[in-house]
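Okay, so here's the structure we're looking at.
The values are calculated or read from the model by the stated rules, or taken from the named source; none is laboratory data. Predicted model, so just to flag it, every value in this text is computed and none were measured. Please note: Cβ atoms are built from the backbone with ideal geometry, for glycine as well, and neighbour counts cover all protein chains shown.
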Amino acid sequence: MADSRPQTKTTRIMMLPILLVCAAITLSCNAGREAADTEKLRQERQLLLSRIETLREEQRFLRFEKELTGTDKHYLVLDTQKGVGSLRLGGRVLREFKLFLNECMRPEPTTPEDASSYVLPKGSVQIIALMKDPVWYVPDWFYLKEGKAPPPVNGSERLIRGPMGAYAIFFGGGFVIHGRPLQGAPRAPMQHACIILKDDDLRVVVSLLDKGSVAYVR
């Protein structure tokens, strides 16, 4: 009877690449499953963190509202997600109005600082000035863009009435609420974060707010 051991050894050697391929496929499948599980866990973690931040934001707003409930102070709540704002007094809604968030003309940002200045703040912000017939101070870059030499820094020709409408509310951090451009006024690009209101809504809001009044941006 012939010895089959050499043949068995040869068969094993021939089978080795196939076994290695099978092992590689198994490892690849396991790695794929692990990668899929890792991605799923990452997504679930992100969703959980998002929900936690939503709850924290709701807590911050409730604390803000609680401090003003029962007082005689008028304030604003600006829900930028829903595009709706409200004028409130002591926790009661006196007037609701639409927020126009994407109507401000802006120059192309040239630095990260420029881009960040166009972002609306979140949370509580305080009014630093209210202005009737606000003027737009024309910056150097606007003249240069038009191929013109900038006038003197204090020149009256730099001040243009109308681009911000009939009223403007200035908040800390460069955030402004104002109206649509008056008829015949140039539509000027603004270097600030802004929300535009209809004239009737803005007139009521300005009449009931003062310097130092607050708004909550959500």
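Does Leu47 meet the test of being under 30 Å from Ile195 (Cα atoms) and either within 31 Å of the chain's Cα centre (by Cα) or modelled with pLDDT of 80 or more (or both)?
yes
Can you name the residue in region 152-167 that is more than 13 Å from Gly179 (Cβ to Cβ) and assigned to a loop (DSSP other than H, G, I, E, B) and, of all such residues, is modelled with the highest pLDDT?
It comes out as Pro152.
Can you confirm whether Ala149 is modelled with pLDDT of 75 or more, closer than 17 Å to Val176 by Cβ and among the small types (Gly, Ala, Ser)?
Criteria not met by Ala149.
Say we look at region 54-99 and pick out the residues that are hydroxyl-bearing (Ser, Thr, Tyr) and in contact (Cβ under 8 Å) with a residue 12 or more places away in the chain; which of these is surrounded by the fewest Cβ atoms within 10 Å (Cβ to Cβ)?
My answer is Thr71.
In the set Arg180, Arg161, which member is under 23 Å from the mean Cα position of the chain (by Cα), more than 18 Å from Ala215 (Cα to Cα) and either crowded, with 18+ Cβ neighbours inside 10 Å or not aliphatic (A, V, I, L, M) (or both)?
Only one candidate qualifies: Arg180.
Could you tell me whether Asp140 is surrounded by fewer than 14 Cβ atoms within 10 Å (Cβ to Cβ), at pLDDT 90 or above and in the same structural domain as Gly85 (by TED's automatic domain parsing)?
no
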